[in-house]
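So the structure is just underneath, and the comments pick up after that.
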Amino acid sequence: MAGACVHLYLQVQMLLGLPNFSFHRFKWFVPRDQLSYLSIAVNIANGHSGSTEPFTETGVSHYPRLYYVVMGLLSRTTGVDPVVMWWLMGLTVQFLLACFVGWALYTMTRLWWAAVLAPLPFLVGTFAGVLHHTYFASTPPPGARVMWGPFALLYALNGGAAGISLAACAILGLLMVGWNGFPPRATLLAATFAAVCAGIVGNMQTYSFIGLCYVLIYATGLYGLQSASSRHRRLLTATSVLLLAAVLLSGTFLAAHVGPLPVFVLGLLPALPGYLVVCRLTSWRLLWVSLLAGVLALPTMVDTMRGLAQGDPFLVYRQASTANTNGAFGIPFGDFVLHGGVAILLVLILVLVPHAKGRLIRSVALGAFLAWALLSSNDHWGPAQEPNRFWIDEFMLVLVVCFPLLAAVAVDTVRRGWHRPRKALAAVVSVALVLWVVAAGASAKDWLIFNGEAKAKGISWWPSPRSEAIAAVVSHMPPDGMVVSDRCTDLLSLKVITGARVASYNYGLAWPDNHIEITSVLRGREFRYLDPEVLHSAGVGYLLTDSNCKMSANSKGHLRLLTSKHYAAGDRQGTLRLWEIIE
């Protein structure tokens with residue numbers, strides 16, 4: 001519990017000193033994406049649909065949104081502000097994750113104080129602070145994809161952070177029962193928990209779900225290969241290697257004909273021989289638990305496949321957005337090794353140091369590493385879907401899952417050396433641990449820099465007297481009306497503040513019915529030119545202006561004032577006006 005509380009404190013400590021901090025204010029980190037997700041919860045909280053594009057509330061959204069739907073429903077039921085609910089849910093999941101890490105540390109070391117170390121794997125970085133004085137690493141152009149540590153992945157408290165956290169909890173639960181020898185009842189309980197987590201994550205965040213499946217199935221497959229009889233082990237291992245070669249060689253061709261999602265499934269085939277061995281060892285209970293996970297994850301998968309089959313424009317664009325790039329947007333091998341050095345060293349120590357539970361340790365460490373390597377290089381073997389996102393997710397899973405194993409190996413080596421001196425082994429393990437601690441400590445400079453960056457970015461400017469005035473003015477608009485604002489008011493914030501339909505959208509999340517017309521409106525807004533014909537064709541009937549911004553150059557004769565309200569917020573004051581757009 002103490003380690004989990006420290007982890008929660010580290011999530012918010014950089015903001016606590018801000019003079020206007022409260023849990024009603026939103027973390028301002030990659031705000032365009034986070035406000036887009038929050039808008040889904042806002043729509044649900046206001047009794048609207050979550051299956052449309054969240055800003056205009058038109059079109060169809062195939063985005064995995066279970067987390068935000070639950071957030072909106074809880075907000076609507078309890079009357080709690082969706083922003084506060086964002087904080088509550090995000091921090092609750094983080095607390096659960098840190099508790100699982102602490103529980104695993106205690107279970108594997110049998111040291112009561114070991115759980116206090118739970119926050120440590122989340123502070124590991126990519127050496128960007130040491131090398132470039134930033135908190136994130138970046139691949140060379142034209143890709144220029146970012147890589148950062150778990151601290152930045154979890155900071156936003158969004159559905160992606162919750163998804164990867166539940167994924168880690170699922171793996172840690174199985175790891176703990178494995179450490180205790182797989183007692184039947186506890187194993188079935190942990191496997192069912194993992195299946196439920198996988199099903200939930202599948203409806204929350206696609207990349208986290210794929211990453212979880214890869215780690216679980218590859219770790220299971222490796223365990224199965226090591227558990228097979230010596231007569232069958234070589235044949236099964238050779239079969240796995242041949243299947244891996246077949247996937248790597250044919251994946252790109254298959255992706256061009258069937259799409260990336262089926263190829264992600266085919267990427268699991270090399271683990272099949274070992275997986276079937278474990279199925280047999282468990283009297284096929286593993287198969288039934290796996291089917292449970294698949295059934296629970298079906299809603300979003302079926303929705304996405306149906307959208308692709310129907311030629312949904314956004315899904316077609318999304319699928320093709322990183323395809324056929326010839327690795328330009330992937331993670332180069334050198335960057336993978338350099339910036340993932342702490343995790344790679346961790347895996348090497350676990351694989352090479354002998355231990356009584358070596359079969360389990362090797363299976364988990366190598367399974368997590370294989371999942372990380374395959375998914376972060378998926379642009380080279382077929383799917384070509386955001387390799388850097390997979391790199392970040394799997395980097396965290398390797399660290400969080402393998403850190404308790406490292407602690408257990410270290411403690412057991414010391415204990416064995418105390419009772420049965422093995423000086424050579426103890427010396428090797430000690431040197432390896434010192435190297436890892438030094439590397440992890442050096443990489444944690446990323447976290448220190450991130451603290452300063454997060455504090456500088458701060459929190460949202462709302463709630464404030466100005467946001468209250470915005471809500472009051474826009475409330476005079478009919479429920480089915482759509483509003484656009486001048487450049488003094490951020491459209492994404494306008495959605496969250498008012499809950500009204502807003503002429504904006506996130507190009508990478510979902511598209512409205514008339515996204516071409518909406519794009520024209522947004523382009524005109526940037527140049528203070530609002531064409532009434534374009535506005536009407538986009539379904540936009542209202543304009544919100546602030547007296548601190550100049551009116552659109554061509555607005556005369558096309559606007560009718562509905563209401564206005566004065567505001568004063570610190571040194572800034574002005575008048576907000578809501579106009580009806582007329583032809």
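With the charge dipole of segment 251-358 set up from +1 on Lys and Arg Cβ and -1 on Asp and Glu Cβ about the Cα centre, the Cα lying farthest toward the positive end among the listed residues 299, 309, 320 is that of 299.
Cys residues of the chain that find no other Cys beta carbon under 4.7 Å: 5, 99, 169, 197, 213, 279, 402.
Angle of helix 515-526 to the longest C-alpha principal axis of the chain, folded into 0 to 90 degrees and rounded to 10: 70°.
Please report Rg over Rh for segment 465-581, where both radii come from the alpha carbon positions and Rh follows the Kirkwood definition. Can you show the working numbers first?
On the way: Rg = 13.4 Å, Rh = 14.3 Å.
For segment 465-581, the value is 0.94.
When a 1.4 Å probe is rolled over the protein heavy atoms, the share of accessible surface on the chain that falls to carbon and sulfur comes to 66 percent. Counting only protein heavy atoms and using a 1.4 Å probe, the accessible area of residue 526 comes to about 90 Å². For the Cα trace of segment 1-89, dividing Rg by the Kirkwood Rh returns an Rg/Rh value of 1.03. Against the chain, whose longest principal axis is taken from its Cα atoms, helix 82-109 shows a tilt of about 10°.
Of 201, 116, which has the most accessible area and how do the rest follow, probe 1.4 Å?
Sorted by accessible area, descending: 116, 201.
Taking 20 Å as the cut-off, the amide N atoms of segment 1-20 that come nearer than this to a point 7 Å along the Cα-to-beta-carbon line of residue 113 belong to 1-7. Across segment 196-204, coupling constants 3J(HN,Hα) worked out from phi with the 6.51/-1.76/1.60 Karplus curve, θ = phi - 60°, read 5, 4, 4, x, 5, 4, x, 9, 10 Hz, and Gly and Pro carry x.
For 405, 248, what's the largest-to-smallest order of accessible area, 1.4 Å probe?
Ranking 405, 248 by accessible area, largest first, yields 248, 405.
Multiplying the residue separation of residue 424 and residue 529 by 0.36 nm and removing their Cα-Cα distance gives an extension gain of 30.2 nm.
For the chain, what is the Kirkwood hydrodynamic radius in Å, using each pair of distinct C-alpha atoms? Before the final figure, lay out the partial values.
Numbers: mean 1/r = 0.0390 Å⁻¹.
One over the average 1/r among Cα pairs gives 25.7 Å for the chain.
Dipole orientation for the chain: of the candidates 167, 70, 87, 167 has the Cα lying most toward the positive pole (charges on Cβ; Lys, Arg +1; Asp, Glu -1). Cα axis of helix 341-352 to longest principal axis of the chain: angle in degrees, 0 to 90, nearest 10? It is inclined by approximately 20 degrees. Taking the Cα centre of the chain as reference, the dipole from Cβ charges on Lys and Arg (+1) and Asp and Glu (-1) amounts to some 2100 debye. Computed with a 1.4 Å probe over protein heavy atoms only, the accessible surface of the chain comes to 43 Å² per residue.
With a Förster radius of 56 Å applied to the C-beta separation of residue 23 and residue 416, the computed FRET efficiency comes to 0.70.
When nucleic acids and ligands are ignored and a 1.4 Å probe is applied, residue 509 ends up with an accessible area of around 10 Å².
R0 = 35 Å: FRET efficiency of residue 547 with residue 32, Cβ-based, nearest 0.05?
Here the calculated transfer efficiency is 0.85.
Assuming R0 = 25 Å, can you tell me the calculated FRET efficiency for the pair residue 472 and residue 76, based on Cβ-Cβ distance, to the nearest 0.05? Result of the calculation: an efficiency of 0.70. Considering only 108, 200, 477, the residue lying farthest towards the positive end of the dipole of the chain is 108, judged by Cα position with unit charges set on Cβ. Of 280, 32, 285, the residue with the largest accessible area leads and the full order is 280, 285, 32 (1.4 Å probe). Residue-wise HN-Hα couplings along segment 434-443, as the Karplus relation 6.51 cos²θ - 1.76 cosθ + 1.60 with θ = phi - 60° gives them from phi, are 4, 4, 5, 4, 4, 4, 5, x, 5, 5 Hz; Gly and Pro carry x.
The values are calculated or read from the model by the stated rules, or taken from the named source; none is laboratory data. These numbers come from a predicted model, not from an experiment. Heads up, the Cβs are rebuilt from the backbone with ideal geometry, glycines too, and the neighbour counts pull from every protein chain shown. Keep in mind that these areas ignore ligands, DNA and RNA; they rest on the heavy atoms of the full protein, side chains included. Shrake-Rupley method; radii C 1.70, N 1.55, O 1.52, S 1.80 Å.
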